[in-house]
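What follows is one structure encoded as structure tokens, with my remarks underneath.
Just so you know, all these numbers are worked out from the coordinates, no wet-lab data involved. Since this is a predicted model, take the numbers as computed values, not measurements. Cβ coordinates were reconstructed from backbone atoms using ideal geometry, including for glycine residues, and neighbour counts include every protein chain displayed.
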Amino acid sequence: MRISRKFSQRSVIEAIVQNGAISRAAIAKQTGLSKQTISEIMRLLEQDGWVRETGRTSGHIGRSAVTYELVVDAAHIAAIDLGGTQVRVAIADLAGHILVSDAVPTGGRVGQKLIDHIVDFAVATAARKQLSRKKIKLAVIGVPGVPDSKTGRVMLAPNIGGFDKMDVRLSFGRGFGCDVMLENDVNLAVLGESWLGRGQGIANLAYVALGTGIGSGLMVGGQLVKGAANAAGEMGFLPFGDDPFAPESLRMGAYESAVAANGIVRRYQALSDEKASVPDIFARARAGDSHALAVIEETARYVARGIGAICAIANPGKVILGGSIGLQPEILARVQKLLPLCFPYPVTVEAGGLGRRATVVGAAAVGLSHLHNTLFGVDAPDSRISLPPVTLGALREAAE
């Protein structure tokens, strides 16, 4: 297909994605393309099963016109959030609707065994809704580390063994039998919240995920900030908390070691001489355990300091807290009180609106834009097709 025809096809699809059922005359008005060009593009798209007739216009003077819509189930995206202890999978269609989702423990698996486990689980999750594996045309995987686009490895991911020594992207591609994109999980989360969550309309937005580890995603001027080596937002390596010059801090990160799950468990054990899980520590705090309350207070202080560091550099209009620990109301309430004590400008801090699904929603968004462009667009840096408008139904689906 000639490059000019590709641009024309992309414009037509963009109009359909943004408007739903639309006539050829309306597409012509929006795109400036000739009716002959649009008719030829629509004929080919309909022939290949990407668009279909959906009815006729009504309520207008003159003859009614045939309207067309995207066949949203013509292809699917596997959106995956790979955490330190759990994998969450969602299957989305070409409109960005999440059709089915589920989660499963990683079970201590590493390397290729973990990849095989994720692929099998994703395929089984799709099958529960009678979604064909052959229709999965792209898998977008959020990883708790830094994907290396040249080697396919995932660096700075201490909670996932083996991914820094293998081509993760290639292995997932072989398993799924389709294209694969790797992205930092918190980068995807901030995109998810920006699209369907509490970051809508916020051009300068930060997302901080606290759980097994800690990381942040940052949008400035509506654009995701990745950095020179895709390592922007790796706040686990902030040089406070534990000793940043200790050799182990180059692997885990001094801040992550102090503020994330292992640090919480360690501090509680030091105070109480008991070893308890993070959920148990929060439960004990709610029951009035003084040691648990002290640990949560100190954790919130660490979180407030980390957010203060982000605010001092990027000055976001809103900070969203997520992750299994960050979503706990005891953390949010304390951070909201503590942040004004260590940062002089007002900053809104809220819990994520998408809960633990922020990363898979962001993965679906990235996958949707990429897949539309692969199927209908042109290979250019600025050729992303914009996402469908947010609807209450889509928001409710995403938040479940």
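Summary table
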| quantity | calculated |
| --- | --- |
| Phi to ³J(HN,Hα) by Karplus 6.51 cos²θ - 1.76 cosθ + 1.60 over region 39-48, Hz, x for Gly, Pro | 4, 5, 5, 5, 4, 5, 5, 5, 4, 8 |
| Gain on full stretching of the segment that runs from residue 250 to residue 19 - 0.36 nm per residue minus C-alpha separation | 78.3 nm |
| Charge dipole magnitude, Cβ of K and R +1, D and E -1 - the chain, Cα centre, debye nearest 20 | 1180 |
| Stretchable slack from residue 34 to residue 112, in nm (0.36 nm times residue separation minus alpha-carbon distance) | 22.9 nm |
| Sequence ranges 344-356, 321-333, ranked by mean other-Cβ count within 10 angstrom, highest first | 321-333, 344-356 |
| Using θ = phi - 60° and Karplus 6.51 cos²θ - 1.76 cosθ + 1.60, couplings along region 71-79 (whole Hz; Gly, Pro as x) | 7, 5, 9, 6, 8, 10, 10, 8, 9 |
| Per DSSP, loop trypsin sites (Lys or Arg not before Pro) in region 244-321 with at most 15 further Cβ within 10 Å | 251, 275 |
| Mean shadow area of region 1-100, taken as a quarter of the surface of its Cα convex hull (nm²) | 8.5 |
| Chain lengthening between residue 150 and residue 46 when straightened (0.36 nm per residue, less Cα-Cα) | 33.7 nm |
| 28 Å Cα cut-off, lysine pairs counted over the chain (separation 8 or more, or different chains) | 23 |
| DSSP-assigned coil residues among chymotrypsin sites (Phe, Trp or Tyr not before Pro) in region 246-295, each with at most 11 further Cβ atoms within 10 Å | none |
| Region 182-231 - Rg (one decimal) and Dmax (whole number), Cα, Å | 10.4, 30 |
| Computed over the chain, Cα set: Rg, Dmax in Å | 23.0, 82 |
| Cleavage-rule hits, trypsin sites (Lys or Arg not before Pro), region 97-165, DSSP coil, Cβ neighbours within 10 Å at most 16 | 129, 150 |
| Lys/Arg +1, Asp/Glu -1 at C-beta; the chain dipole; positive extreme among 366, 117, 84 | 366 |
| Counting all C-alpha pairs of region 108-160, share separated by more than 14 Å (%) | 64 |
| In order through region 123-135: 3J(HN,Hα) via Karplus (6.51 cos²θ - 1.76 cosθ + 1.60), integer Hz, x for Gly, Pro | 5, 5, 5, 4, 5, 4, 9, 6, 8, 6, 4, 5, 7 |
| Residue 54/residue 220 FRET efficiency (R0 56 Å; Cβ-Cβ; nearest 0.05) | 0.90 |
